[in-house]
1. Looking at the stretch 478-585, what strands (runs of 3 or more DSSP E) fall wholly within it and have at least 2 residues that are touching a residue at least 60 places away in the same chain (Cβ under 8 Å) and closer than 30 Å to Gln647 by Cβ?
2. Are any residues in the stretch 639-683 modelled with pLDDT under 85 and in a loop (DSSP other than H, G, I, E, B), and if so, which ones?
3. Please work out which residue is surrounded by the most Cβ atoms within 10 Å (Cβ to Cβ), limiting yourself to the stretch 480-508 and to residues that are farther than 20 Å from Leu448 by Cβ and small (Gly, Ala, Ser).
4. Within the stretch 161-178, is there a residue that is within 26 Å of Arg412 (Cα to Cα) and at pLDDT 85 or above?
5. For the list (1) over 25 Å from Ser620 (Cα atoms); (2) surrounded by fewer than 23 Cβ atoms within 10 Å (Cβ to Cβ), I need the number of the one condition that Thr528 fails.
6. Please count how many residues of the stretch 287-333 are farther than 14 Å from Met275 by Cβ, in a helix (DSSP H, G or I) and not aliphatic (A, V, I, L, M).
7. Being surrounded by fewer than 19 Cβ atoms within 10 Å (Cβ to Cβ) and modelled with pLDDT of 90 or more narrows it down to one of Ile454, Ile425, so name that one.
8. Are any residues in the stretch 128-164 of a type in the set (D, E, K, R), under 39 Å from the mean Cα position of the chain (by Cα) and surrounded by 18 or more Cβ atoms within 10 Å (Cβ to Cβ), and if so, which ones?
Amino acid sequence: MNSSDSNEIQLHFLDYWRVIRIRLPLIVLVFLLVVITTGVVTYFLPKQYESSVTMQVNQNDTYLQVFDDRGGGRGFDPRFITTQFEIIQRKEILYPVIEALGLEQTWKKLYGIAGKEQTIFRLRKMIDVREIRNTELIQISVLDQDRNEASEIANRIAEEYQRRRIGEQQGTVNRSLIQLKDEVAKQSRRVDELRAEAQRIRIENEIQDLNPDSVVDPMQAANEVLLSVEQQVSTERLRVSTLRAKYEQISKLSDDQIMRSISTLDVQDPTITQMLPQFQEVASEEARLLNSGLGVNHPTVKSMRAKKEVMATQLVTQIASLRASMEANIRIGEDSITQLEQRLRESQAKQQTSKTRASGYYEAKNNYIQAKKILEAAEMRLSTETMQRTMPQDPTVIWERAEPAEYPSRPRVLLNMILGVVVGIGFGVGLAFFIEYLDTSVKTLQDLESILKIPVLAVIPKEISLLINGNDDNPDAEAYRIMRTNIEFNRKNPASNSITIVSGGPGEGKSTTLNNLAYTFAKGGYTTLVVDADLRRPSQHRIFGIDNKNGLSDLLTKQLSLEQVVHKTKVENLFFMPSGLLPRDAVGILNSQRMMEVIQETKSRFDIVFFDSPPILGVSDASVLSSELDLTIIVVQHRRFPKEMIQRVKQAIENVGGNILGVVLNNVDIRHDQSYGYYTSYYNYYSPSKNVPEKSGQNAQAASPATTKPTPQSGEY
């Protein structure tokens, strides 16, 4: 936020504060009226006593649901408590209370209430039901002028509500149990029907089911057999394949190669395994004997050789037998695979046939088992609920009964007075701003300048004193000094020295302003004449303390000279011409040739001449003066008349050809309208000292022409 925005907000706040200060008497008056009215009404209001019952209200959880695992409850309903508030205030609860306490007859005697409808209407207005926060407790309060009756009504309402809740719950329990028994019976009949249907299908299709009441699939055994055959076929195929691979490997080797690598061929022949080490040992012994120097024909070598040949013959024979055995085992394995595959195909076909025949039975059996489970659950719930509902239950518990109150609860004096103060202040401030909104009078200099489009010559404070009766150092004179200076600078022609001051209506301070302004000019060295041209309601003679016997009216209607009607006042350079007594037949004497001659004569003999006039919108005299005199000054009282009236004042002057010099804003309350404070804040500081003469150089120059004018010769001056 920049500084301009801050200043604007502050200005608005000061405007609001200014309105409050200006309208403070109205605000105080409204405030006092509201507070006093509140106090009087509160004093005369009948005293009422409040009694309360505190009770716990449990949500009705008796609606049974067969397959609800939460125990038949419906969960917490956030609207439950609100619903109970409405039920408590219904006729079904209140009618028995009225009858039990005889309220209809009692209130008929006391209050003239006739009929149950009016009785229940009054009773409802007395009841207040509220929830105690974050609890299941509710509070029923009754407000009555009779403390005992209030407690009796509250207790009776709680008891009746409790009785209704218990009766409602018991009825709901009984209806729920009956409905649950009917559902169990229906389910039992359905189970019997499904069991008979499954049994019929099983007998017709010759289906073997050892446990018809079990959920176990009767085809599970057949599936296990089929799976076993499939595993046998796979195992036999693997064995034959391994055997064939070994056979093909042995077939490719010679007998000697087989004997040398028999350990790596994984041949499980015990004869070969036993003889091969012996053969190798004999061959080694033969080789050792030959290496020892024995000849090939040595008997020992021959014996070893013969033994080796016998054992070699046996090994070859055994290897041939091994080949034949492996070949036979392969053929046997292949035959076994063929048989197992045939058996597998037969089992698969048989199982498929059984499944096709038993599909209807399986569906019927599943329906029967599911219905049986539902029946068992319903029977369990019925048994459980039957036992639970036999136990006592309290849907409503009264924890605190109502007792007669010792002190009245209504009226609430402190609260009412606080509300009265708040409402009084609010209404007073609101009325002040509303009146301010409706007020179309001039409030600021900006309003005045925007309406009239002429310069503001001075702002005159409220309760200004008459300078002619004060001291020379009166600070009130500073506002008129400013006005005098502005007139001197705005008066374009020094010869324009006849001035009238007009206003739109009476009481705007026009005459006082003219008198003080004339006093200021006289103190400034001007030879000043004040002419009271308000012939209908003259006032200047009272200010000067001079007799109003002979004056302007006599000058215009009789053969009198100017010296005979002009009086010298106690202020140096200040002269005064009274209005005189207005004859009944001389209403329009201001609009005459004689008046023009008088104006010209006074202008030639005085430095400045001020003509006091009546309100311009009241009579025609002010318009005549504005047209005949050189300059016209408009006096506008602050916050007095509407803006449209001020515009008509200007139009009236312009319509007669008057020359408006400026406007004066009069009677401004500086204490409240602080925006005008700078106009008068330095009055005391710059007020002239008693020992310092007031005449300035400028004023001396302005007064110097007076020395060239003829001085009045009459001793009355």
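1. Numbers: elements: 498-503, 528-532, 574-577.
Here the list reads 498-503, 528-532.
2. Residues satisfying the conditions are Arg639, Arg640, Phe641, Asp669, Ile670, Arg671, His672, Asp673, Ser681, Tyr682.
3. So, considering only residues that are farther than 20 Å from Leu448 by Cβ and small (Gly, Ala, Ser), the one surrounded by the most Cβ atoms within 10 Å (Cβ to Cβ) is Ser498.
4. No: zero hits.
5. Answer for Thr528: the failing condition is (2).
6. Looking only at that region, the number is 13.
7. Numbers: Ile454 fails: modelled with pLDDT of 90 or more.
The unique qualifying residue is Ile425.
8. Quick first cut of the stretch 128-164, residues of a type in the set (D, E, K, R) only: 128, 130-131, 133, 136, 144, 146-147, 149, 152, 156, 159-160, 163-164.
Those still in the list that are under 39 Å from the mean Cα position of the chain (by Cα) too: 128, 130-131, 133, 136, 144.
Of everything in the stretch 128-164, just one residue is of a type in the set (D, E, K, R), under 39 Å from the mean Cα position of the chain (by Cα) and surrounded by 18 or more Cβ atoms within 10 Å (Cβ to Cβ), namely Asp144.
The values are calculated or read from the model by the stated rules, or taken from the named source; none is laboratory data. What you see is a predicted model; the values in this text were computed from it and never measured. Cβ coordinates were reconstructed from backbone atoms using ideal geometry, including for glycine residues, and neighbour counts include every protein chain displayed.
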